[in-house]
Amino acid sequence: MFIAAVTAGLCLSLLTATGSAMAGKITGTGGLNAGGLAQVTSLSCGSPGNCGAGGYYTDGSGHRQAFVVSEVKGTWDAAIQVPGTGQLNAGGSAEVASVSCPSAGSCAAGGFYHDASGQQQAFVVSEVKGRWRRAIEVPGTATLNAGGGAQVSSVSCASAGNCAAGGHYTQAPSHPLARGPQQAFVVSQVNGTWGMAIQVPGTAALNVGGSANVESVSCGSAGNCGAAGFYQASSGLDPFVVSEADGAWRAAKVVPGLAALNTGGYAELWSVSCGSARDCTAGGFYRHGAFQQGLVVSEVRGKWGAAKRVPGLAKLNAGGFTQVQPVSCASAAYCGAGGFYSDSAHAQHAFVASQVNGAWGAAKEAPGTEALNTGGLAVVISLSCASPGNCGASGYYTIYAGEALQQRAFVLSEVHGRWVPARELRGVTLTTAGPAEATSLSCASAGNCGAGGYYTDSSGHEQAFVASQVNGHWHQAIGVPGL
């Protein structure tokens with residue numbers, strides 16, 4: 001599987017009562033992450049200064065636990081274990097995969113845990129009026145997930161208590177030594193109550209190879225969402241798109257126009273974003289012969305159009321290995337996209353592209369990363385557009401320090417339609433050869449964004465961080481309080 005994107009958002013304050021930043025070093029209170037392995041996987045802001053984030057940490061027994069953390073009026077509270085997962089996660093491996101906050105103090109998150117039998121189960125959890133409630137197993141998956149392999153991959157909320165989520169579950173195997181087929185599911189929350197998960201309509205007939213998943217969900221308004229994922233066809237791996245209209249999930253569709261492009265028999269959609277109800281855009285990749293190429297496909301007024309190559313990306317992609325990872329739409333027909341491509345020397349570079357009034361401009365190397373990425377490995381992992389022409393993006397690049405290849409986090413911004421050069425995210429400069437990565441980014445308004453991810457401390461431990469952009473200026477990252 002290729003590098004996965006995790007798309008969501010965060011708006012932060014720089015300094016809090018429980019964490020501080022010093023030049024060149026991240027500090028936090030410490031506490032939960034006794035095992036030295038933690039990461040922010042997803043972040044989201046309901047309004048500036050009011051956000052939620054989630055991820056995982058490792059406790060003193062070496063078990064992976066799921067956490068959430070909230071920002072209230074510019075101050076981050078201490079991270080907490082997701083309420084209820086202490087009992088659910090008897091198998092000792094849990095994680096928040098996705099967070100969505102439609103308004104201040106109102107969020108939803110989803111992920112997975114392992115039960116006492118070691119089976120992987122999907123959970124959802126809600127924040128209501130600033131308080132995180134107890135996590136629950138996704139309703140309906142107890143029956144669907146007879147094979148014991150389920151998780152929520154993506155959550156999106158159009159308004160408080162009105163959300164959708166998607167992921168996968170595993171059916172019972174045909175015999176004890178076999179693994180059951182993996183199927184894609186969606187589930188909707190209406191007025192604060194989660195309904196029953198269902199197999200994505202139409203995928204039962206499509207998924208003849210027994211491997212399917214919802215990779216990304218986005219809601220343009222309550223009851224009107226889009227989702228994208230993949231299924232195993234007889235000829236290879238193919239992507240699908242599916243729409244929820246007025247609260248009802250329609251049948252999944254094979255991506256129109258993709259068959260002519262995807263001669264290599266392998267394609268996926270990583271990300272979908274709906275700028276308004278029934279107006280969505282998804283991005284991913286396909287294979288044309290031995291070359292992997294980036295694609296986008298859009299839904300306009302409820303109808304999915306034909307898949308298209310990202311203009312200019314084929315020319316950049318002389319090495320034949322590229323994909324669109326994050327997509328974000330500020331409104332219908334105004335979106336941004338990012339990912340990576342490889343040059344003729346097979347070095348990997350980060351790119352960005354913008355859609356204006358429904359037309360995609362030419363992809364280009366993310367400005368500033370050409371100078372930063374001396375190690376030849378860079379990617380845009382997360383991207384968020386607050387308004388047309390005003391977006392933010394984050395990811396990582398590499399440099400050589402002596403003989404060692406070091407991975408560092410970067411952020412960059414689009415301002416009034418122009419991408420400003422990327423810069424290393426201050427405060428996460430590596431003190432060891434271990435990696436750092438800005439895995440998630442969101443912009444509540446133009447020039448006011450947040451980012452989160454992980455870095456490697458001087459002891460070689462993986463720690464979680466958050467950082468903020470205020471009025472166009474990125475401040476230094478801080479450790480997640482309480483971790």
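The values are calculated or read from the model by the stated rules, or taken from the named source; none is laboratory data. Keep in mind that what you see is a predicted model, and the values were worked out from it rather than measured. Reconstructed Cβ throughout: ideal geometry from the backbone, glycine too, with neighbour counts over all protein chains shown.
Figures for the structure shown
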{"quantity": "Residue that is farthest from THR170 (Cα to Cα) [pool: residues in the stretch 196-207 that are surrounded by 15 or more Cβ atoms within 10 Å (Cβ to Cβ) and among the small types (Gly, Ala, Ser)]", "calculated": "GLY202"}
{"quantity": "Which listed residue, of GLY192, GLY210, is surrounded by 14 or more Cβ atoms within 10 Å (Cβ to Cβ), within 16 Å of GLY149 (Cβ to Cβ) and either β-branched (Val, Ile, Thr) or out of contact with any Leu (no Cβ under 9 Å at 6 or more places or on another chain) (or both)", "calculated": "GLY210"}
{"quantity": "Any hit, the stretch 89-111, residues being farther than 19 Å from SER440 by Cβ and touching a helix residue (DSSP H, G or I) at 6+ places or on another chain (Cβ under 7 Å)", "calculated": "no"}
{"quantity": "The stretch 54-88: number of residues that are touching an Asp or Glu at 6+ places or on another chain (Cβ under 8 Å) and either farther than 16 Å from TYR113 by Cα or of a type in the set (S, T, N, Q) (or both)", "calculated": "5"}
{"quantity": "Any hit, the stretch 225-243, residues being on the phi < 0 side of the Ramachandran plot, touching a Gly at 6+ places or on another chain (Cβ under 9 Å), crowded, with 16+ Cβ neighbours inside 10 Å and not in a strand (DSSP E or B)", "calculated": "no"}
{"quantity": "Residues satisfying the stated conditions in the stretch 146-195, i.e. in contact with a Ser or Thr (Cβ under 9 Å, 6 or more places away or on another chain), in a loop (DSSP other than H, G, I, E, B) and over 18 Å from GLU95 (Cα atoms)", "calculated": "ALA146, GLY147, ALA160, GLY161, ARG179, GLY180, PRO181, GLY192, GLY195"}
{"quantity": "Residue within the stretch 121-130 that is surrounded by fewer than 17 Cβ atoms within 10 Å (Cβ to Cβ) and in a strand (DSSP E or B) present", "calculated": "yes"}
{"quantity": "Cβ pairs under 6 Å, 6+ apart, first in the stretch 194-220 and over 22 Å from SER271 (Cβ atoms), second modelled with pLDDT under 95 and surrounded by fewer than 16 Cβ atoms within 10 Å (Cβ to Cβ)", "calculated": "VAL208/SER234"}
{"quantity": "Test: residue in the stretch 360-381 that is closer than 18 Å to CYS335 by Cα, without any contact (Cβ under 8 Å) to a residue 60 or more places away in the chain and crowded, with 22+ Cβ neighbours inside 10 Å", "calculated": "yes"}
{"quantity": "Residue that is surrounded by the most Cβ atoms within 10 Å (Cβ to Cβ), among those in the stretch 405-439 that are at pLDDT 95 or above and of a type in the set (S, T, N, Q)", "calculated": "THR439"}
{"quantity": "Scan of the stretch 357-398 for residues that are part of a strand (DSSP E or B) and of a type in the set (Gly, Ala, Ser), ordered by number", "calculated": "ALA359, SER382, SER384, ALA386, SER387, GLY392, ALA393, SER394, GLY395"}
{"quantity": "Enumeration of residues in the stretch 69-80 that are within 19 Å of CYS443 (Cα to Cα) and within 21 Å of the chain's Cα centre (by Cα)", "calculated": "VAL69, SER70, GLU71"}
{"quantity": "Residue among CYS225, CYS274 that is touching an Asp or Glu at 6+ places or on another chain (Cβ under 6 Å) and either in contact (Cβ under 8 Å) with a residue 12 or more places away in the chain or not aliphatic (A, V, I, L, M) (or both)", "calculated": "CYS225"}
{"quantity": "Matching option when the condition is in contact with a helix residue (DSSP H, G or I) (Cβ under 8 Å, 6 or more places away or on another chain) and over 20 Å from GLY305 (Cβ atoms), among ALA233, ALA252", "calculated": "ALA233"}
{"quantity": "Hits in the stretch 288-342 (condition: touching a residue at least 40 places away in the same chain (Cβ under 8 Å), in a loop (DSSP other than H, G, I, E, B) and buried (at least 24 other Cβ atoms within 10 Å of the Cβ))", "calculated": "ALA307, VAL310"}
{"quantity": "Counted residues, the stretch 100-135 - those being touching a strand residue (DSSP E or B) at 6+ places or on another chain (Cβ under 8 Å) and closer than 22 Å to GLY149 by Cα", "calculated": "17"}
{"quantity": "Scope the stretch 393-404; condition in contact with a Leu (Cβ under 6 Å, 6 or more places away or on another chain) and surrounded by fewer than 24 Cβ atoms within 10 Å (Cβ to Cβ); matching residues", "calculated": "THR398"}
{"quantity": "GLY264 touching a residue at least 24 places away in the same chain (Cβ under 8 Å), farther than 30 Å from GLN189 by Cα and either assigned to a strand (DSSP E or B) or β-branched (Val, Ile, Thr) (or both)", "calculated": "no"}
{"quantity": "When residues of the stretch 81-113 are limited to those that are aliphatic (A, V, I, L, M), modelled with pLDDT of 95 or more and under 21 Å from the mean Cα position of the chain (by Cα), the one farthest from GLN39 (Cα to Cα)", "calculated": "ALA108"}
